[in-house]
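Have a look at the structure below before the remarks.
Rule-based calculations on the coordinates, nothing more; no lab input. Everything quoted here is computed from the prediction, not taken from an experiment. Cβ placement follows ideal geometry from the backbone for every residue including glycine, while neighbour counts extend to all protein chains displayed.
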Amino acid sequence: MSTYELLDVLASNYQKIDGLWNFFITIHLALLGALFLMPRRISIPEKLVVLIAYGAFSYVNRGALVDTYDYHRVVLAEIARLKVLPAETGGLIIQHLDSFQLDQKIAFLAWSHYAAGAVVAIAVLFANALALDTKH
């Protein structure tokens, strides 16, 4: 593969990572917002459906992020193997990517979904106490 092709694969994979995180954030904002703004009490079966659906989403999203970050590591390792001088076209980009510490930047991935899951579980379990009182 050429330097351009590898950089294109890296950029494409980063867009996938960005999309997965955007989806993660959007789901949480929608779910937590709905729980706070719900005009009625939420039944136990509804809570179970929400928790099961959220658990499935979280499992799939976390797996996709782990796989995508692993692929990103491979692409970065492949780019690091390129012997491009800084004076050559793309050389500065390769030099920058060679010093990119991906593992340090994604250390939170190991616990982020679990922490978000705990917040969602607590919010769902106590949703009726958090809901806006619309009877006033």
Quiz item: Across segment 90-105, in residue order, what do the Karplus-derived ³J(HN,Hα) couplings come to in whole Hz, using 6.51 cos²θ - 1.76 cosθ + 1.60 with θ = phi - 60° and x for Gly and Pro?
Solution: x, x, 5, 5, 4, 4, 5, 5, 5, 9, 6, 9, 4, 4, 5, 7
Quiz item: Of (1) 2, 10, 18, 20, 18, 14, 9, 5, 2, 1, 0; (2) 2, 9, 16, 16, 12, 10, 9, 7, 6, 5, 4, 3, 1, 0, 0; (3) 2, 9, 20, 24, 22, 16, 6, 1, 0, which one was derived for P(r) over Cα pairs in 5 Å bins from 0, in percent from the structure shown?
Solution: (2)
Exercise. For segment 1-89, calculate the relative contact order in percent as a whole number, restricting contacts to Cα pairs under 8 Å that are 6 or more residues apart.
Key: 66 percent
Quiz item: Whose amide H sits under 5 Å from the amide H of M38, counting only residues 5 or more places off or on another chain, with H placed in the peptide plane?
Solution: L132
Self-check item: Extension gain from F100 to Y59, taking 0.36 nm per residue of separation minus the Cα-Cα distance
Solution: 12.0 nm
Quiz item: Which length gain, in nm to one decimal place, applies between V66 and S43 when the Cα-Cα distance is subtracted from 0.36 nm times their residue separation?
Solution: 4.9 nm
Quiz item: Quick one: putting +1 on the C-beta of Lys and Arg, -1 on the C-beta of Asp and Glu, what dipole do you get for segment 54-136 around its Cα centre, in Debye to the nearest 20?
Solution: 140 debye
Quiz item: Taking trypsin sites (Lys or Arg not before Pro) that fall in a DSSP loop and have at most 11 other Cβ atoms within 10 Å as cut points, what is the longest piece of the chain between them?
Solution: 84-134
Quiz item: Where in the chain lies the longest segment free of chymotrypsin sites (Phe, Trp or Tyr not before Pro) that are both loop residues by DSSP (not H, G, I, E, B) and have at most 15 other Cβ atoms within 10 Å?
Solution: 1-99
Quiz item: Do you know the Lys pair count in the chain for C-alpha distances under 28 Å, with sequence separation 8 or more or different chains?
Solution: 4
Exercise. For segment 20-37, take each phi angle, set θ = phi - 60°, evaluate the Karplus expression 6.51 cos²θ - 1.76 cosθ + 1.60, and give the result in whole Hz per residue in order, putting x for glycine and proline.
Key: 5, 5, 4, 5, 4, 5, 4, 4, 5, 4, 5, 5, 5, x, 5, 5, 6, 9
